[in-house]
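Let me begin by presenting the structure, written as structure tokens, before commenting on it.
The values are calculated or read from the model by the stated rules, or taken from the named source; none is laboratory data. All values derive from a computational prediction rather than experimental measurement. Reconstructed Cβ throughout: ideal geometry from the backbone, glycine too, with neighbour counts over all protein chains shown.
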Amino acid sequence: MKLLITGGAGFIGSALIRYLINESDHEVLNYDALKYSASLSSLNSIKSSNRYQFVKGDICDEKLIKNNFEQFQPNGIINLAAESHVDRSIDNPTPFIQSNFFGTYNLLKTANKYFNLLDVETRNKFLFHQVSTDEVYGDIGLSDPPCSELHPYNPSSPYSASKAGSDHLVKSWFRTYNLPIIITNCSNNYGPFHFPEKFIPHIILNAIQGNKIPIYGNGQQIRDWIHVEDHVRGLMEAFYKGKPGETYNIGGSNETRNIDTALMICKILDKLIKDKPTGIKKFKELIHFVPDRPGHDKRYAINSSKIQTDIGWKPIENFETGLIKTVKWYIDNKEWWNNILKTNYSLSRLGTNK
């Protein structure tokens, strides 16, 4: 099978491509614009595979996308290309609307033209897989049940609104044009190769370097965490077994307050690093609270029972063991994240609590 992966140099995209090259015989075309949070170094372990190729390109480039469809002849597309940092979307929504909404529109339009030129047998195997987020469901109350696939969309930020809009476009291409699609909505991912500005690596790297660990508001915001490797397994199970037109939630069922996540990381670091930064005995001393961001959602949680029942996927990694592995990875891979810090990012920027 030939799979076109957009956004394959990002955190989840690179994890998916590593999984596909290592665990399947599929051919993969990685199409990525290499914006600030992308890193081809995340794919060093598989870049020499004869089943992998990379093309630098933006999903808004209709001509280039069309050329790659025609030349690669994919059996399916998994769209992970997206601007995804909430704080950045608040500062400047334009790139999010452009990439997440108009970029998805361009992919749908091009994929549909390509799909309609396929022979019947090949067309029956083709699928457009839209990878989305739990944030499209918006904020839910502390006593509310986790969101199922039937929960109404209620996005709070320009980022989540742009993802919600792109999901609606994908659904409309199924209804109006009969393009076979599925949508998956995931909870917060964590794991190796996560870009430093994201919440968990931001905490780890600030702590390692003896910097303050900023936490929005009072840290009571609740997030459901899933290890990225569990997520990519879920993506492929949904791709293989999902019913066209359906949406599947992929969550880890690990609801944790942001302050508790930060404290868990600090305790892990206390055990792993004996020589603490100057002036502290425990890493939790670096935690400090900062003014909350506008429109900050208090709780995300999704119900993954549909994909577990209909498809048979379930997460393997629990949050505690996954977090330990993640912290160890960042300690052992200083060269990877240090290169990013040197080129295009500063830890003085807040990590998003999503």
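Among the residues that make up segment 115-129, is at least one of them over 26 Å from Phe289 (Cα atoms) and either among the hydroxyl-bearing types (Ser, Thr, Tyr) or buried (at least 24 other Cβ atoms within 10 Å of the Cβ) (or both)?
Yes, segment 115-129 contains a residue that is over 26 Å from Phe289 (Cα atoms) and either among the hydroxyl-bearing types (Ser, Thr, Tyr) or buried (at least 24 other Cβ atoms within 10 Å of the Cβ) (or both).
Condition first: under 17 Å from Phe69 (Cβ atoms) and out of contact with any helix residue (DSSP H, G or I) (no Cβ under 8 Å at 6 or more places or on another chain). Now tell me which residues in segment 1-26 satisfy that.
Correct list: Met1 only.
If Asn106 meets every condition in (1) surrounded by 14 or more Cβ atoms within 10 Å (Cβ to Cβ); (2) in contact with a helix residue (DSSP H, G or I) (Cβ under 9 Å, 6 or more places away or on another chain); (3) under 21 Å from Asn185 (Cβ atoms) apart from one, which number is that one?
All conditions pass for Asn106, except number (3).
Working only within segment 279-312, note down all residues that are touching a Cys at 6+ places or on another chain (Cβ under 7 Å) and either part of a helix (DSSP H, G or I) or at positive phi (or both).
Phe283, Lys284
Give me the residue from segment 73-114 that is β-branched (Val, Ile, Thr) and part of a helix (DSSP H, G or I) and, out of that set, nearest to Tyr159 (Cα to Cα).
Filtering first and then ranking leaves Val86.
Give segment 101-132 a look and list any residue that's at pLDDT 95 or above and polar (S, T, N, Q), or say none.
Once the filter is applied, which keeps residues that are at pLDDT 95 or above and polar (S, T, N, Q), segment 101-132 yields Thr104, Asn106, Thr110, Asn112, Asn116, Gln130, Ser132.
Taking the stated definitions as given, is Leu142 free of Cβ contacts under 8 Å to residues at least 24 places away in the same chain, in a loop (DSSP other than H, G, I, E, B) and within 26 Å of Thr309 (Cα to Cα)?
No: the conditions fail for Leu142.
Do we have Ser132 as part of a helix (DSSP H, G or I), among the small types (Gly, Ala, Ser), surrounded by 20 or more Cβ atoms within 10 Å (Cβ to Cβ) and in contact (Cβ under 8 Å) with a residue 40 or more places away in the chain here?
No.
I want to confirm something. Restricting to segment 48-92 and keeping residues that are under 22 Å from the mean Cα position of the chain (by Cα) and loosely packed, with under 15 Cβ neighbours inside 10 Å, which single residue is nearest to Ser24 (Cα to Cα)?
Within segment 48-92, the match that is nearest to Ser24 (Cα to Cα) is Gln53.
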